[in-house]
1. Nearest-5 percent of antiparallel DSSP beta bridges in the range B:262-466?
2. Per q in 0.13, 0.17, 0.18, 0.27 1/Å, what log10 I(q)/I(0) does a Debye calculation on the alpha-carbon atoms of the range A:247-301 return?
3. Restricting things to Cα coordinates, could you compute the convex hull volume per residue of the protein assembly as shown in Å³?
4. Mind checking the log10 I(q)/I(0) for the range B:283-357 at q = 0.14, 0.18, 0.24, 0.26 Å⁻¹? Debye, one equal scatterer per Cα, no solvent, two decimals.
5. Quick one: Karplus J couplings for the range A:133-149, per residue in order, coefficients 6.51, -1.76, 1.60, θ = phi - 60°, nearest Hz, x for Gly and Pro?
6. So between B:Asp422 and B:Ala129, what do we pick up on full extension, going 0.36 nm a residue minus the alpha carbon distance?
7. In whole Hz, with x marking every Gly and Pro, tabulate ³J(HN,Hα) for the range A:70-76 from phi via Karplus 6.51 cos²θ - 1.76 cosθ + 1.60, θ = phi - 60°.
8. Where in chain B are the helices, taken as whole DSSP H runs, whose Cα atoms extend 30 angstrom or more along the long axis and whose Kyte-Doolittle mean reaches at least -0.5?
Amino acid sequence: MLPFLIKRLISLTLSLLAASLVIFFVIEVVPGDPASFMLGLNASPDTVAALRESLGLNASVPLRYWQWITGLVQGEFGISYTYKVPVGELIADRFWVSMPLSIYALTLSTLIAFPVGVIAAARRNSPADVSIMGVTQLGIAVPNFWFAMLLVLFFAVSLRWFSAGGFPGWEAGFWAGMKALTLPAIALALPQASILARVMRSSLLDTLGEDFVRTARAKGLTHRQALWKHALRNALIPVLTIIGLQFSFLLAGAIIIENVFFLPGLGRLVFQGITQRDLIVVKSVIFLLVFAVILVTFLVDITYAVVDPRLRRRSA
Amino acid sequence: MTPFIKALAIAGVLAATTALTPAAFAAKTDITVGAQLEPPNLDPTSGAAGAIDQVTYSNIFEGLTRFGSDGSINPGLAESWTISDDGKVYTFKLREGVMFHDGTAMDADDVKFSLERTTAEGSTNAQKALFADIASVDVVDPQTVKITLSKPNGNMLFNLAWGDAVIVAPESAANNATNPIGTGAFMFKDWVQGDRVELEKYAEYWGEPAKLDKVTFKFISDPNAAFAAVMAGDVDTFMPFPAPENLPQFDADPRFRVIAGSTEGETILSTNNKMAPFDNPKVRQAMAHAIDRQAIIDGAMFGYGTPIGTHFAPHHPAYVDLTGQSNYDPEKAKAMLAEAGFPDGFTTTLKLPPPSYARRGGEIIASQLRDVGIQTEISNLEWAQWLEQVFKGKDYGLTIVSHTEPLDIGIYARPDYYFQYDDADFQKIMADLNNATDPAERDKLLKAAQQKIADDYVNGYLFQLANTGVVNAKLRGIWENAPTQAADMTAVYWED
């Protein structure tokens, strides 16, 4: 297990380094000057020059890369150009919206997808299976922002059970926070649950057709026993892969849902950062998201090894 | 139901009603204000973002003078002033008993500090140029300040009312971006970045106290989300509202009142005066006749907006209606293009920033120009790209933008400004205007300036942006017009 871990850790570090280079240089070439954006249409050129100087934009490119990367290693992200507060603080605040939202959505999606997927596989070609396949097809096809707007119109505008968006902050209480995240989490979870349920079904059907399941049935196990005791565990690997991908997607990709519900999450921070050319924020958040994706992939890899002992032995 | 139980039920209902009455009818003292853009920071002296003024202007920070909702200039922290005969020395008498929110007194030293900070070398005040004529600021006594100008500037009282000229304290100025300390009727309480800013009433305020105890600004950038938030009652007012197409729906709902006031935003088809073929005044004049302003207002702004024929706000007393000089006449436009040597028209670029007046208006203008033979290549730009390419790089033929700064006709006197209009006569009018302090003389010069840029067809003058938005029908005291980008809450209250 240990050499496997070391190998994975080395590849993780190299990926991060490559990512930091790509992010930094892509953002370098983005057109638009943060200083002239901040000062608007009436500012004179010398004022813009003074602001560029005070933001540290005049240093050389390699020096700024070095300052950024060494700062990252020490957990120092720098000061936001526009907000004038440490980027680390901004990210931390937003993280406590995006992270719980992702976990909430992922939990919902898994809770829906597992039973649905198992039922569909266990009763293949039954009316239940057919309708599940139909509904999940619809779930994948419906854009989540549109579904989000429907949720808002129904639950916030008509019924007034929820507010149309916004986030009161965790200091308003755990349940107030969870309530504010409920509609966004549902909007995010539904398409994910549809995908996951279909993956669960097909993966389970594949394993159910394998020799070891037939052997288990031959030993005298019922269809249900064979499914729960033997097939399910073996069907989990592709499902875990999808969950890992979905988690990264939810953490990084909730920009549109965060805009629909005006949630102060990481996605909206990046979005605002890009429009306001607050490049130091953009760089750091994107790097953090890449880090999260790589970390999740790493954790999923390790979980594979736990679920499937063959993987451990093979790489060792 | 037995009579006894019935009586009991009635008594219960009555008791419940009386118990509820005070709560239900006591006027609300808090308000949630929806705003599309979140301020990048809360220091109005540090950037041009209108969103900063929207939250802080007059609520948290005050200047020596201030704008009234009709655009007039009123006394602010200065209760009165005198101007020397040569127009170069302004002596301001400050109000007594003005306190900063941290409990320190505001006096002439703070005024000197604030203004010198603006004009200092290396200052990052976005409107530094407005105050470039200030030669010195002297403290006469704690309640009196003398500002000496290097040359007369008839706009000085006006300029001092800008959010960029508010009075700050030396102790707190450096932290105003995140913890603003001003002298206004509201003090800063909390800012949840990405979500809201909260203000609360300042008990020690020098003037008439605010009627509200708490103001929350909630930032909702997506127009659909803004619509849902208003409909769900999450916000009490949304000014300006980002999607004019929703306004009729609010108008039909008795819970809301739709406001359509005026702004300082002249929306113009900016033209690169140094680029061929726009360096030919005939071509610019032809274009002016090709544009149907009302069609743009109806199509892009759902009818909200006032046509303009020059770069000046129609509600200003010195405004001259020059729309007739560039009336919609496509046949004349074609004839003039032919006369200028373009019988078959030409092709140019039309670069559009994000606001809907530009994106929607751009499509309509493109089709109107096409009708007279001018082809446009439209590209949609983000603000930062627009600033880089169009504003700074002057790499454009046409663009559409609303100039929201108040009384900003002076930009036409800057030869290096992005539309590159370089005219000695106009520059002379502006110089005379700066030297003039007599109201009648100023009025005459302002009219001459409007006429001059209309005669030269510098840009296509489209319409004055309307201040459209929605307020709860029970709210009173909201500014209907927007002389500056402010959401002044000091006089707002709920009607019982």
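1. For the range B:262-466, the DSSP antiparallel bridge percentage is about 60.
2. Relative scattering, expressed as log10 I(q)/I(0), comes to -0.33, -0.54, -0.59, -1.03.
3. Spelled out: Cα convex hull of the protein assembly as shown, divided by residues, is 230 Å³.
4. Reported log10 I(q)/I(0), two decimals: -0.58, -0.89, -1.16, -1.19.
5. 4, x, 5, 5, 4, 5, x, 6, 6, 6, x, 5, 5, 5, 4, 4, 5
6. Result: 103.6 nm gained on full extension.
7. Each residue's phi maps through the Karplus curve to give 5, x, 4, 4, 8, x, 9 Hz.
8. Those that clear 30 Å and a mean of -0.5 are B:3-25.
Read the figures in this text as sums done on the coordinates, not as results from a lab. All of these numbers come straight from a predicted model, not from anything done at the bench.
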